[in-house]
1. Do any trypsin sites (Lys or Arg not before Pro) in the stretch 286-368 lie in a DSSP loop with no more than 11 other beta carbon atoms within 10 Å, and if so, which?
2. Using the Kirkwood radius over C-alpha pairs as Rh, can you work out the diffusion coefficient of the stretch 241-349 via Stokes-Einstein at 4 °C, viscosity 1.567 mPa s, in µm² per second?
3. Share of Cα-Cα pairs in the stretch 285-367 beyond 18 Å, in percent?
4. Between GLU233 and ARG268, what is the FRET efficiency for a Förster distance of 30 Å, r being their Cβ-Cβ separation, to the nearest 0.05?
5. For n ≥ 4 DSSP H runs only, could you compute -39500 (n - 2.57) per run for the chain, divide by its residues and tell me the 222 nm figure to the nearest 500?
6. Considering the zone a paramagnetic label at LEU364 would reach in this model (a point 7 Å from Cα along the Cα-to-Cβ line), which residues of the stretch 321-354 have amide N under 14 Å from it?
7. Mind checking which of ALA134, ALA142, ALA242 has the largest fluctuation in a GNM of the chain, springs on alpha carbons under 10 Å?
8. Fully extended, how many nm does the chain gain between ARG130 and ILE327 (0.36 nm per residue separation, minus their Cα-Cα distance)?
Amino acid sequence: MTSTDIDFSNVYVTILAGGSGTRLWPRSRRESPKQLLNLLGDESMLQQTIDRVLPLVPPERIYILTGPDHAPLIADQVSIPEENILLEPSPRGTAPCLGLAAMKLLQGSNSSQSIMISLHADHAIANPERFREALRAAVATARQGYIVTVGIVPDFASTGFGYIERGEVLGQAAGHDIYHVTRFTEKPPLEKAQEFVQSGRFYWNAGYFVWTLDCVLDEFRRQLPDMHAQLEEIVAAHTTPAADEVLQRVWDQVKNTTIDVGIMEHARQVAVVPSDLGWSDIGSWASLHDILPRDEQENVVLGDGQHVGIDTTNSLIYSDGKLVATIGLDNVIVVNTGDAILVLPQDRAQDVSALVKELRARGLEKYL
């Protein structure tokens, strides 16, 4: 099956955009989370995510899943119908969020065979056409009754990502081999990650999923029956005067779990489409240094400030309007946002989220 044979007329794209991006503090904050920042160009990461799928689906079939705090900011940035910004009252994990979106799409489309694509708003993809080809293959496979994930061909043995193990070949679609999924493994230790990558059978789990509405809701009914019933209650009240009260009351009782743990790990008929997309989840300042262009000293300099360095190499410098001067730094991150300055070695970049927790514990909420 070629990509031109694949019909997208009943395909809907949902984009998860509710995260706070704490590891990119102090640039990413409650009122300006990383998915709404222009970290990789003139557009925000959310806008870039939408741009990547517009060749496949029109704006009216793109939905953004977020919280009430971010919804007005998103509405100002994007050119999709305002009613396509779907709100979750509070973070309860990706499983209830996506389950509720699937039920709302079913209510609106009136077709259980409609396809839902789930993406994240805060990822970088260097090869957008390859990404679209992988989605075309995934849509074709989902129509055969599979829950499908796009697996990222790994560049190295990462301990920070989950992994997908492939089994037998199921066939081909849009020029891609499609494999049965044997298992999902969450963030393995280094030795196990090295073993995974060397085997050639494992892919990074980017959290990209494609399914028909009836297929995924059947899995919710089978694996998370209480949640399925709660989400049905919310959707049933959606057009009634009690909609807000029911949503608030029932949502607070919904189990907090991810789609990976709640559904994918034990779902029937799961397939993976492997692809090399030039993918990054932009999970830290160090990951930005990895993918952005560097100068002659291997430094990445960002922001509208100025950097003057002596013997400064392999570092990332961000300045919001001020001069940053450095001497004798190597593999260091310096971020100056005007009201806060962050300095740390690159190999501690994952610890910024712990720093944010410490700031909160000390009552320094105004900086978050």
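1. Those that pass, being in a loop and sparsely packed, are ARG362.
2. 73 µm²/s
3. The share of Cα pairs beyond 18 Å in the stretch 285-367 comes to 43 percent.
4. Values: r = 26 Å, r/R0 = 0.85.
Efficiency, from the Cβ-Cβ distance: 0.70.
5. Computed ellipticity for the chain at 222 nm equals -9000 deg cm²/dmol.
6. Flagged as within label range: 335-344, 352-354.
7. ALA242
8. Values: separation 197, 0.36 × 197 = 70.92 nm, distance 4.16 nm.
Stretched out fully, the ARG130 to ILE327 stretch lengthens by 66.8 nm.
Values quoted throughout were computed directly from the atomic coordinates according to the rules given, and no laboratory measurement underlies them. It should be emphasised that the depicted structure is a prediction, and the values quoted were computed from it without experimental measurement. Positions of Cβ are generated from backbone atoms using ideal geometry, with glycine treated the same way; all protein chains shown enter the neighbour counts.
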